[in-house]
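Trainee: Handing you this structure, nothing more for now.
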Amino acid sequence: MKAPLNILHLEDDPADAELVRSMLEEEGLACSVRCVRTRADYEAALDEGGFDLILTDFSLPRYDGLSALSLARQKRPDKPTIFVSGTMGEEAAIKCLKQGAIDYVLKDRLFRLPSAVRRAAEAVEELALRRKLEAQLLRAQRLETIGALAGGIAHDLNNVLSPILIGTQILAKELTSETGRKVLETMRARALRGSEMVQQILAFARGVGGEPVLLQLGRLLAEIEKLVRETFLRSITIQVKVAQPLGSVVGNATQLHQVLLNLCVNARDAMPQGGTLRLAAQNVLLEKHSTRWQPEPVSGSYVMLSVSDSGHGIAAELLDQIFEPFFTTKELGKGTGLGLSTVLGIVKSHSGFLDVSSKVGAGTTFTVYLPAALEAVGTTPPFIKHGVAVAASVS
């Protein structure tokens, strides 16, 4: 049950209101009770919100409990109402329950109130969870539809681009002027880039990207750098620092491309007025290293990728939620809440792990650790241990 529980109590008798508050506290219920005595105060409290549960008397001067219940059902239909009354007959109680009250407690049996409040709070939590799951399902179905649509559009675009690419190859043999050849080569390069992007969209829409292979992450970073330089706002400065030589990893190129792209897009969105995006990669030798998202210490040779921004940062209380599916701090319609959960899933599937450091107003750094494929490298690159270059052993 949520703690503390915020309760709105409509009661004209201060002594009865204090008795209710004391009863709940004595039973160990962590709650904050806001008592209102008049219809005007009650209506203002409903408009203001900030409560989880409503307690109301049945008989009130110049007002009545049924009217209070009806108004609550109109303005706050997700908040349960419990009647606490000393003048409530069986017929009136049944009428209240039929109109939407969740329970009723007579004042001469006030010992029943704590258990009624607990049941109401649990019902609220169950309803909220069910609505959250329903919303997630609807969003997932919508994303699935968008993926299918994107795949269809990408397929059609591929059919459009293919004859253009073929045509540029044929025309290259016919043109003799240097200027014409340069224009044609520019057209061919742009069409080829469009074709590559179409293939990426198709791969993402299908959810496939080929079998794991030995990858040179430096090349992958170069592709990402080219993409973000071409597509991000000019107000964002892009800095890239890659250790040479950089270790290789065994992985799925399409999925790792998606990891870096998702992190870069998040960084861009964190800097709507511009800023600095930094991409970095280096070889590291870890000894019993752990992070917030990798509590079990790990050791060995890893390739470390980092994506940093100078944006608004992430509040400390939100860090534990950022990798949850459908969690997003972006405005409605501007984020699916799947980007970081996808990143985490892909990194884990590559036997890697993540770390995040952030400061509100100063920016965020996402760091990805992927196991280095040392045995497949002819010459072992240097790996860094606590800022000191050491030779990594090959097992």
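Trainee: Which members of region 256-278 meet the condition of being within 18 Å of Phe353 (Cα to Cα), out of contact with any Phe, Trp or Tyr (no Cβ under 8 Å at 6 or more places or on another chain) and open to solvent by 20 Å² or more (accessible area, probe 1.4 Å)?
Mentor: Hits for region 256-278 are Leu261, Asn262.
Trainee: Now, a different point. Name every residue in region 239-268 that is closer than 18 Å to Thr367 by Cβ and aliphatic (A, V, I, L, M), in order of residue number.
Mentor: The answer is Val240, Val242, Ala243, Leu246, Val249, Leu256, Val259, Leu260, Leu261, Leu263, Val265, Ala267.
Trainee: For region 363-387, what are the residues that are modelled with pLDDT under 90, part of a loop (DSSP other than H, G, I, E, B) and among the small types (Gly, Ala, Ser)?
Mentor: Within region 363-387, Ala373, Gly378, Gly387 meet the criteria.
Trainee: Okay, next question. Which one is nearest to the chain's Cα centre (by Cα) among residues in region 20-30 that are assigned to a helix (DSSP H, G or I) and exposed (fewer than 14 other Cβ atoms within 10 Å of the Cβ)?
Mentor: Per the stated criteria, the residue is Glu25.
Trainee: In region 349-365, which residue that is farther than 13 Å from Met271 by Cα and open to solvent by 60 Å² or more (accessible area, probe 1.4 Å) is farthest from the chain's Cα centre (by Cα)?
Mentor: My answer is Ser351.
Trainee: Same structure, new question: Hey, could you check region 34-44 for residues that are closer than 18 Å to Asp16 by Cβ and touching a residue at least 24 places away in the same chain (Cβ under 8 Å) and say which is surrounded by the most Cβ atoms within 10 Å (Cβ to Cβ)?
Mentor: Tyr42
Trainee: I've got another one for you. Mind listing whichever residues of region 279-293 are open to solvent by 40 Å² or more (accessible area, probe 1.4 Å) and within 22 Å of the chain's Cα centre (by Cα)?
Mentor: Correct list: Arg292, Trp293.
Trainee: Looking only at region 94-120, count every residue that is buried (at least 18 other Cβ atoms within 10 Å of the Cβ) and out of contact with any helix residue (DSSP H, G or I) (no Cβ under 9 Å at 6 or more places or on another chain) and tell me the total.
Mentor: The number of residues fulfilling the criteria is 2.
Trainee: From the residues in region 64-76 that are buried (at least 20 other Cβ atoms within 10 Å of the Cβ) and at pLDDT 90 or above, which one is nearest to the chain's Cα centre (by Cα)?
Mentor: Among residues in region 64-76 that are buried (at least 20 other Cβ atoms within 10 Å of the Cβ) and at pLDDT 90 or above, the one nearest to the chain's Cα centre (by Cα) is Ala72.
Trainee: Ok, one more. Given the conditions (1) modelled with pLDDT of 90 or more; (2) over 16 Å from Asn6 (Cβ atoms), report the number of the one that Ala93 does not fulfil.
Mentor: In the conditions (1) modelled with pLDDT of 90 or more; (2) over 16 Å from Asn6 (Cβ atoms), Ala93 misses (1) alone.
Rundown of residues vs (1) not small (Gly, Ala, Ser); (2) not in a loop (DSSP other than H, G, I, E, B), yes/no style:
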site	(1), (2)
Leu8	yes, yes
Glu18	yes, yes
Ser32	no, yes
Glu43	yes, yes
Ile54	yes, yes
Arg73	yes, yes
Lys79	yes, no
Thr87	yes, no
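Trainee: When Thr56 is evaluated against the numbered criteria (1) more than 25 Å from Pro4 (Cα to Cα); (2) open to solvent by less than 60 Å² (accessible area, probe 1.4 Å); (3) among the polar types (S, T, N, Q), which criterion, by number, is the only one it fails?
Mentor: With respect to (1) more than 25 Å from Pro4 (Cα to Cα); (2) open to solvent by less than 60 Å² (accessible area, probe 1.4 Å); (3) among the polar types (S, T, N, Q), Thr56 is out only on (1).
The values are calculated or read from the model by the stated rules, or taken from the named source; none is laboratory data. Given the structure is predicted, the values throughout are model-derived calculations rather than measurements. No Cβ is skipped: glycine too gets one built from the backbone with ideal geometry, and neighbour counts run over all protein chains shown. Note: areas computed on protein heavy atoms with side chains; ligands, DNA, RNA excluded. Shrake-Rupley method; radii C 1.70, N 1.55, O 1.52, S 1.80 Å.
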